[in-house]
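Down below is the structure, laid out as structure tokens.
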Amino acid sequence: MTLASRFLARLLELPPADTYDVTVERDLEIPMPDGFKLLADRYSPRQGGKLPTLLVRSPYGRRGFFGMQYGRLFAERGFQVLVQSVRGTFGSGGQFDPFRNERDDGLATVEWMKRQDWFSGEFATHGASYLGFVQWALAREAGAGLKAMVAHETASEFRSQTYAGGAYSLDTTLSWVHLVRHQEKPGLGGLMTRLGAARKLKPLFQHLPLNEVDALATGERVPFFQDWLEHGAPGDPWWNRADFSGSRAEVTAPVHLIGGWYDIFLPWQVGDYAALHRAGRAPYLTIGPWTHVSVEGFVVAARESLVWHKAHLKGDRSQLREAPVRVFVMGANTWRDFSEWPPPGMQTHRWHLQADRGLAPATPTASEPDRYRYDPANPTPSLGGALLTREAGPRDNRALESRPDVLTYTSAPLEKDLEIIGPVQAELFVRSSLPHTDFFARLCDVEPSGSSVNLCDGLLRLVPGQPAPGPDGTLRITIDLWPTAHRFLAGHRVRLQVSSGAHPRFARNPGTGEPLGTAKTLAAADQAIFHDPAHPSALLLPVMG
């Protein structure tokens, strides 16, 4: 095992180990108040004594590479590590009902740790995605013993990501359901199932109604997938047990949040930072050019986690950076440090949509609206961006932009570099033939070669009366295109895409108002985008300097 851990530590660029003499206690049974027992493995240096503990709770197992990454590597560097399988996974008792048991089970695990003779009284948490959510679930009530958190590509609540912009995140949810339903299948059969996931799911994304696709993907009806389909209304109390955003300000443990510009949780993770910052905490924020499954992101997260835990559990602040916010500026391909987010000195500049598909700071002149037809029977496809799968990230969008249901508005070549760092929005004046419809906007950097590379985007689902139409029947809508940091180089052009979907990243809007899970009838929408002095549609850019 030490040979494998040495190799992985070198890959992750971790500092030298304190020891390779690590003991592992397997399958510790941790009782829950309802009688079920959750299994955990404890990694500890043989001669370490009562070292601080790192608690890692996961639905993805605790052996093999996972145990190496989260357990042995940190034990070799001076910590005890308790890696626990959450309820209903990898031998832990009970039924896996995502998000809804993590507060109670997490707190019960903390109380169990306090009773162990090896526990020093101090612990920290870290991990990515679901492993980050479980940290938020226990953070407020964990007590003074919780000394630090590192939450990587995650958020304090998952409903917003599930219904990003009001539309259902079909690609992410169905891909994840397929993963967790097959991950414990042993041997070559399990490996082949996981490797063939993309091929298996591709035709299912086209299937209607949606409440049948879980059974088609896994061979059985998945109760929690059905719950997600049925509880999509904003404010639905079903999500309360899975929402810890209201308690963020009460978390006193130092928190380091690590995210990616193309991560599925980015805007809500930035929201977690903002809540802690407003409460007077001192959170750290690191955002790189990563997708949710980016290896580079996990490399940085491993190093930053070790630095953070050493600083707050062992008092070694020698490697802790001074600036709390560090972001990677794409285009310039450099890291930039700031005192807070959004960065001080950021100014919002309006780039207006123009006639003849132009984009410029000038106020638009009188012009007719641009029109297109969105047909959910042939939905506008998603291409790159914030996906759970390996298709995520920056892509050349020219093929997508050639479709008749995609509009583009493009600036002249820039005379000098333009650097943006912060949240991006699109304010559009639109009209649709249907009251139920979507609008999708995407910011791209058009290179001199003509390649149009996506930076950030967002979708907004409209329902009757929201927003209220103006006197002429137009709707003024604001689409959050998510935060970014990018330098448009001189000679490049700024482009805004406008369409009405990105399927299957977002489940297509059938246009009929039927319930999400049972909708089968599809209605096409005729869309209009206005850009004139009375309807100054604009792209809002956070310009630095």
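Just so it is clear, none of the values below were taken in a lab; they were calculated from the coordinates. Note that the coordinates shown come from a computational prediction; the quantities given were computed from them, not determined experimentally. When we count neighbours, we look across all protein chains shown, and the Cβ atoms used for this are built from the backbone with ideal geometry, even at glycine.
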Out of all DSSP beta bridges in the chain, what portion is antiparallel? Express it as a percent rounded to 5.
70
Convex hull over the alpha-carbon atoms of region 347-543: what's its volume per residue in Å³?
118
Between region 122-140 and region 190-259, how far is it from one alpha carbon centroid to the other, in angstrom?
19
What do you get for GluC sites (Glu not before Pro) in region 199-231 restricted to DSSP loop and a cutoff of at most 11 other Cβ within 10 Å of the site's Cβ?
E220
With Cα coordinates, the longest principal axis of the chain makes an angle with the long axis of helix 102-114, in degrees rounded to 10, of 20
Exposure proxy order (Cβ contacts within 10 Å, fewest to most) of D445, D375, D417
D417, D375, D445
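Only sites in a loop by DSSP and with at most 11 other Cβ atoms within 10 Å count here; which trypsin sites (Lys or Arg not before Pro) in region 199-234 make the cut?
Values: sites: R199, K200, R221; in loops: R221.
Here the sparse-neighbourhood loop sites are R221.
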For the Cα atoms of the chain, what angle does the longest principal axis make with the long axis of helix 266-278, in degrees from 0 to 90, nearest 10?
70
For mean projected area of the Cα convex hull in nm², several values are listed as (i) 27.9; (ii) 23.5; (iii) 25.0; flag the one computed from this structure.
(iii)
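Classify region 386-434 as rounded, prolate or oblate from the Cα gyration tensor: take a ≥ b ≥ c as the square roots of its eigenvalues, call it rounded if a/c is under 1.5, otherwise prolate when a/b beats b/c and oblate if not.
Values: a/c = 1.44, a/b = 1.10, b/c = 1.31.
Because its axes are fairly even, with a/c under 1.5, region 386-434 counts as rounded.
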Return D171, D21 ranked ascending by Cβ neighbour count within 10 Å, so the fewest neighbours appear first.
D21, D171
Past the 18 Å Cα-Cα mark, which pairs from K37/K147; K147/K310; K37/K185?
K37/K147; K37/K185
Can you sort K147, K114 from fewest to most other Cβ atoms within 10 Å of each residue's own Cβ?
K114, K147
